[in-house]
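Here's the structure, in structure tokens; my notes come after.
The values are calculated or read from the model by the stated rules, or taken from the named source; none is laboratory data. The model shown is predicted, which means the values in this text are computed figures rather than measured ones. Here the Cβ positions follow ideal geometry from the backbone for every residue, glycine too, while neighbour counts run over all protein chains shown.
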Amino acid sequence: MEKLVIRGGSPLKGKVTISGAKNAAVAILPAVILADAPCILENVPKISDVSAIIEIMRSMGALIIETAPHTLRIDATGIRTHEILHEEARRMRASYYFLGVMLSKFGKASVALPGGCDLGARPIDQHLKAFAAMGCRNVVDRGMVFCDAGERPKGAHVFFDIVSVGATINAMLAAVKADGLTVLENVAKEPHVVDVANFLNMMGADIRGAGTDVIKIRGVRKLRGVDYSIVPDQIEAGTFITAAVATGGDVIVDNIIPKHLETIIARIREVGGNVVVDEESVHVRRRGPLCATSVRTMPYPGFPTDMVPQFSILLAMAEGTSVIHEGIWSNRFRYADELRRMGAEITVDGKLAVFNGVEKLKACPVVSTDLRAGAAMVIAGLSADGITEVGNLGHIDRGYEDLVGKMKGLGADIERVNIPDDPEDIFLKAE
Ligand code: EPU
């Protein structure tokens, strides 16, 4: 077991480079299976969710090598199976993208039901609704999803009941080699949705409208191998911007697409951040005391749910009363107890959290309850005077590449240390 030991209280200073987007990478990697030749993927983030996808793809017969830092050569042309029983598939949410990919490639798919962060109910009914409209028979049984579309899916008109990132991407993947035209309405517009569409189009797909409410996909027979660079991670960027403001720092967040961060930057300015936007970077400082605000999370271009825990740290220290209304997940505020241990005054009622700002957070041992909550605990620890320990690091590793190294690069006093879990070790150390 490992934990982070953070000696907080100093402002972050310097420049940090943002990695490739997790939520684009976990869809684009499986999508490589659709290419008739090897692909080169650049700007692939080194995070454990990506390693899990790589492991699954290797177990299926893909040849994957790192040709340069963050660059993978993937030859998935030898994959002959439409079945994924791999234990890793159960652990991560994004394994559902193998459903759309296998349907496109083989007309059928069997995938272990996805896991992921516990943010509330995570059904896949909208994914299955789209597959069913494309002529697919879906059966969910004993932890597995079985989909059968015969030879290949058929073009269809799908109107999603809710806006879902996963269902939008999965339907796009299933439709890319389908017979005829598929029209998807009420789709997600997140940057990673657009990135997956761009990748598929570069391979020869015919997808129009990604980034708007309606996506039209005309099925094609063949997709070629390409060289593609994954977009920067909007949420990792937002996390560092928030950390800079929380610690009263002076940080350049580099390798970003500022357009993807517009809502986050607007909110950061509202609570007291000074953000100067350049072409591929932002310069972030604190303007003065933090101010209270109200936020409602919504699908892109709204304020992202995946920034709620990190942004909460600012509200926990802002003068006055702030409110977050979570619009996506039913269980987003699991980290509230941890933050209360650090002296934050938060009341949670379902999807609503009310913050009464305190002047300072107090350092103490906490755990990460999910990926973004883990990042939030790190920001809280960096903002508090004294030593904060953060446990349960597996969550953070899923989605942040070298968070400790990047924070250290900004002058943070943060170490990753081993906690001996064998009682014998503990006694030996005590001698
Ligand atoms: N939903 C349904 N039925 C479905 C699919 C979703 O009811 O078939 C509901 C969900 O329960 C939720 C809402 O729709 O209330 C939105 O879910 P969505 O499908 O958009 O989420 P997701 O695709 O499972 C992705 C990200 C999450 C991020 C959400 C929302 C990936 C791998 N994950 O999840 O990212 O919170 O979109 O933006 O892309 C994270 O990175 O920390 C993370 C949790």
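Residues Leu173, Leu128, Leu103: which one is touching a His at 6+ places or on another chain (Cβ under 9 Å) and either at pLDDT 95 or above or more than 16 Å from the ligand (Cβ to nearest atom) (or both)?
Leu103
So which helices (runs of 4 or more DSSP H) stay within region 342-429 end to end and still have 2 or more residues that are closer than 16 Å to Phe311 by Cα and at pLDDT 95 or above?
Where helices (runs of 4 or more DSSP H) fall fully within region 342-429 and carry at least 2 residues being closer than 16 Å to Phe311 by Cα and at pLDDT 95 or above, they are 371-383.
For residues in region 1-41 being among the hydroxyl-bearing types (Ser, Thr, Tyr) and surrounded by fewer than 18 Cβ atoms within 10 Å (Cβ to Cβ), which is farthest from Gly381 (Cα to Cα)?
Thr17
Pairs needed: first member in region 235-263, closer than 21 Å to Gly302 by Cα and modelled with pLDDT of 95 or more; second member anywhere, of a type in the set (Ser, Thr, Tyr) and part of a loop (DSSP other than H, G, I, E, B); C-beta distance under 9 Å; at least 6 residues apart or different chains.
Final answer for the pair search is Glu236/Ser19; Glu236/Tyr400; Thr239/Tyr400; His260/Tyr300; Thr263/Tyr300.
Can you name the condition, by its number, that Lys259 falls short on among (1) charged (D, E, K, R); (2) away from the ligand (no atom under 16 Å from the Cβ); (3) buried (at least 16 other Cβ atoms within 10 Å of the Cβ)?
(3)
So in region 144-162, with the set limited to residues that are surrounded by fewer than 16 Cβ atoms within 10 Å (Cβ to Cβ) and out of contact with any Cys (no Cβ under 9 Å at 6 or more places or on another chain), which one is nearest to Ile84 (Cα to Cα)?
Among residues in region 144-162 that are surrounded by fewer than 16 Cβ atoms within 10 Å (Cβ to Cβ) and out of contact with any Cys (no Cβ under 9 Å at 6 or more places or on another chain), the one nearest to Ile84 (Cα to Cα) is Glu151.
Can you list residue pairs whose Cβ atoms sit under 6 Å apart, with the first residue in region 321-336 being closer than 15 Å to Gly302 by Cβ and in contact (Cβ under 8 Å) with a residue 60 or more places away in the chain and the second being surrounded by fewer than 16 Cβ atoms within 10 Å (Cβ to Cβ) and not acidic (Asp, Glu)? Count only pairs 6 or more apart in sequence or on different chains.
What qualifies is Trp329/Gly120.
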